[in-house]
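The values are calculated or read from the model by the stated rules, or taken from the named source; none is laboratory data. Quick caveat: nothing in here was measured; it's all calculated off a predicted structure. FYI the Cβ positions are ideal-geometry reconstructions off the backbone, even for glycines, and counts take in every protein chain you see. The protein model used for the area step is the full one, side chains on, heavy atoms only, and it has no ligands, DNA or RNA in it. Shrake-Rupley method; radii C 1.70, N 1.55, O 1.52, S 1.80 Å.
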Amino acid sequence: MFSRVRSQQGLAAVGATLLGYGVMILAGSLGLVIPYAVAAVVALAGELALATRYAETAELLAKAGVGATFRRLLRDLSVVLLVLAAVRPGVAGTVAVLLPAALWTLAVLTTAVTKTIDGRVDPPAYTRNIDLGALRRVPVPPAWARGLAGLRMPLLNVLLVPAAVVAAALDRVAPVVLTGLVTLVAGLVTAVVLALTALRGRGGTPGVLPAVHDWLAREQPEVALYFAGPAKDVYQANMWLAPLEATGRRAVVLLRAADAFGQLADTRLPVICVPAGVDFMNLDLGSLRVALYAANVGANIHLLREPGVKHVFVGHGDSDKAASVNPYSKVYDEVWVAGPAGRERYARAGVGVLDRDIVEVGRPQLAGVHTFGSGATDHAFTVLYAPTWEGWLDDDPYHTSLVLMGERIVAGLLAAGNLRVVYKPHPLTGTRSPKARAAHERIVARIRAAGGDTDPTSLDGAAHLVVTGRTPALFDCFNVTDLLVSDVSSVVSDFVQSERPYVVANPAGLSEDEFRRQFPTARAAYLLSADCGELTKILDVTRVGDDPMTEARRELKEYLLGPAGSNPMDRFRDEIGRLCG
């Protein structure tokens, strides 16, 4: 509801802004000062609203061809029209009124200069935990100059609007001339600063890529974790940092997106991010023996082309979702899964991945998840609701429980009393579906109203929690959880490591037998239909400890994650060693 109201308010701001500009043009042409002034107030107030409260609506406006640059042109045109119609200046005054055009000329010129500077300032590679030696610093312009450069510069001309109203009221062009000269001088100063910065920066690039080449030649990494996705998906790579570090091998993390580099979790591994495909393919990666891929994306081809490397898909969690059997996976030399379930999943899917190329390595990330018992003493019974996101397909309303039953789940848990709710949605929740985003916001509001903490730094205490950041991590949430409620996702597979009870949502209303047949990870789960009618009984059974699914979960654990007693970190390390030779 809140999102819909906010969207309607944004559209109202757009309508008022465009109407204001239209009246400014008309009133300016006719020399009507008062209507012009009123319309200017409306238009400028609308611009302020679009720049602050309704930024998303402003982006849609730009995509429709009515962006900020176009609107600023309308504003400046209206100033010229008002002065010419109401003041009727002479030849000299008419020339002076054209000062806004001079500022626009500077705006175009500084756009070109800024691109030149940015090409030197933005390095072709980013590194972490790597000593590249002394690199030449590239001069950068002051922040205020960068803020005014380019097509943002005509923002200064907003001062001409009140100046034009004053000029029309006094029947004198001087206020506009004076204000226009001030804005032009500000633009000239900005342009000079940018030009001098560009001149001082001549002499080539800072040599980041050559230094990276030298480091690769010197250190000879043998294992790489490769991730070419954006920042919003970087959790997929984060989960493999600690296991890779624990192998003790000469390893490197290779990234392709600058925003993902900035969001990568803390690690002691050396990290190299090279966004440009040509630059990346020119790296000498001849020392690599193994490349691990956390996600199937098109830019994987830039490393897959490297000969002499064993290319291994490790993914970012085993689940019964279609994403866990992507046909893309057949391009790799090997596909590593957690347990027999992963192997059988590929056999059933028939997507071209051969059984001999599948290796069961367990889930090394789960070493810190406590088996049975939440590990917390004297704590309230804790239920973790961790729904998956809405997915990529528009025609799959049952991909997540969030939209159809999320609020009902949380409301039922809160009403049950004498328990704590921890709500941790998938990192991509709401990025594609407005309905999912709205449901998420309503759940957060409901938990906040119940006295919950919506920005926790830890899992201590008894308050309800909303966990949406990178920390506390999902596996840390597992360790304080007595009962999980989730969807068909890798969250379920990983939680089975704990051997504690879990619930899988069944929003499509399949029969229990059919649901468990289609989704083997639910074999030891309590199922929850869309009306959540089973929730009270599930809570009663699991809270008293008389849990009939205990033995089924132990059996399922071996099926999903591998044999009991085996150390997945040792298996992961051994398989890396096998491929490194």
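Over the stretch 436-531, what portion of Cα pair distances is larger than 24 Å, expressed as a whole percent?
31
Helix 160-170 sits at what angle to the longest principal axis of the chain, using alpha carbons and giving 0 to 90 degrees rounded to 10?
The angle comes out at about 30 degrees.
Roughly how many Å is it from the Cα centre of the stretch 30-51 to that of the stretch 416-438, as a whole number?
Going from one Cα centre to the other spans 42 Å.
Antiparallel versus total DSSP beta bridges in the chain: what percent is that, nearest 5?
Just about 5 percent of them are antiparallel.
Per-residue HN-Hα couplings for the stretch 469-481, Karplus 6.51 cos²θ - 1.76 cosθ + 1.60 at θ = phi - 60°, whole Hz, x for Gly and Pro?
For the stretch 469-481, the Karplus-derived couplings read x, 5, 10, x, 6, 4, 5, 5, 4, 3, 6, 10, 9 Hz, x marking Gly and Pro.
Using packing as a proxy for protection, rank 447-456, 432-441 so that the peptide with the highest average count of other Cβ atoms within 10 Å comes first.
In descending order of packing, they fall as 432-441, 447-456.
Not counting the cut sites, what is the longest span of the chain without chymotrypsin sites (Phe, Trp or Tyr not before Pro) that DSSP labels loop and that have at most 14 other Cβ atoms within 10 Å?
1-371
Before anything else, pin down the relative contact order of the stretch 499-581: Cα pairs under 8 Å, at least 6 apart, normalised by residue count, whole percent.
That works out to 31 percent.
Which of rounded, prolate, oblate describes the stretch 237-299, given a ≥ b ≥ c as roots of the alpha-carbon gyration tensor eigenvalues and a/c under 1.5 marking rounded, otherwise prolate only if a/b is larger than b/c?
Here the stretch 237-299 falls in the oblate category.
Under a 5 Å amide H to amide H cut-off, with H placed in plane at 1.01 Å, what residues pair with Val252 once short-range neighbours are removed?
Val223, Ala224, Leu225
State the Cα centre-to-centre distance between the stretch 313-344 and the stretch 167-235 in whole Å.
42
Output the relative contact order of the stretch 16-81, whole-number percent, from Cα pairs under 8 angstrom with separation of 6+ residues.
Result for the stretch 16-81 is 42 percent.
According to the square roots a ≥ b ≥ c of the eigenvalues of the Cα gyration tensor, what is the shape class of the stretch 231-374, taking rounded for a/c under 1.5, prolate for a/b larger than b/c otherwise, and oblate for the remainder? If you can, show how the numbers build up before the last one.
On the way: a/c = 1.71, a/b = 1.20, b/c = 1.42.
Because a/c hits 1.5 or more and a/b fails to exceed b/c, the stretch 231-374 counts as oblate.
Of Lys321/Lys557; Lys232/Lys435; Lys232/Lys424; Lys330/Lys557, which pairs sit farther than 23 Å apart, going by alpha carbon to alpha carbon?
As for pairs spanning more than 23 Å Cα to Cα, those are Lys330/Lys557.
So if I average 1/r over every pair of distinct C-alpha atoms in the stretch 376-438 and take the inverse, what Kirkwood radius in Å does that give? Working shown, then result.
Details: mean 1/r = 0.0782 Å⁻¹.
Result for the stretch 376-438 stands at 12.8 Å.
Calculate, axis by axis, the spread of Cα positions in the chain along the three principal axes, and write the results as whole Å, longest axis first.
The principal-axis extents, from largest down, are 94, 61, 45 Å.
Any idea of the accessible area per residue across the stretch 516-576, 1.4 Å probe, to the nearest Å²?
On the way: 3080 Å² over 61 residues.
On a per-residue basis, the stretch 516-576 sits at 51 Å².
Need one word for the stretch 354-506: rounded, prolate or oblate. Basis is the Cα gyration tensor (sqrt eigenvalues a ≥ b ≥ c); a/c below 1.5 gives rounded, then a/b vs b/c decides.
It comes out oblate by the Cα gyration axes.
Looking at the stretch 442-530, which GluC sites (Glu not before Pro) are DSSP coil and have at most 16 other C-beta atoms within 10 Å of their C-beta?
Counting only loop positions with at most 16 other Cβ atoms within 10 Å, none of the GluC sites (Glu not before Pro) in the stretch 442-530 qualifies.
Using r as the Cβ-Cβ distance of Leu11 and Val108, and R0 as 25 Å, what FRET efficiency do you calculate, to the nearest 0.05?
Once the sixth-power term is evaluated, E becomes 0.20.
Give the residue from Gly31, Gln365, Val466 lying farthest towards the positive end of the charge dipole for the chain; charges sit on Cβ (+1 for Lys and Arg, -1 for Asp and Glu) and the dipole is referred to the Cα centre.
About the Cα centre, the residue reaching furthest to the positive side is Gly31.
Bin width 5 Å, alpha-carbon pairs only: give the P(r) of the stretch 471-581 as whole percents, running from 0 to the bin holding the largest distance.
2, 11, 19, 21, 19, 12, 7, 4, 3, 1, 0, 0
Put one equal scatterer on each alpha carbon of the stretch 492-536, apply the Debye formula with no solvent term, and list log10 I(q)/I(0) at q = 0.21, 0.26, 0.34 1/Å to two decimals.
-0.68, -0.96, -1.26
Restricting to Cα pairs below 8 Å that are 6+ residues apart, what does the relative contact order work out to for the chain? Please round to a whole percent.
Working: 966 pairs, mean separation 62.9, N = 581.
It rounds to 11 percent for the chain.
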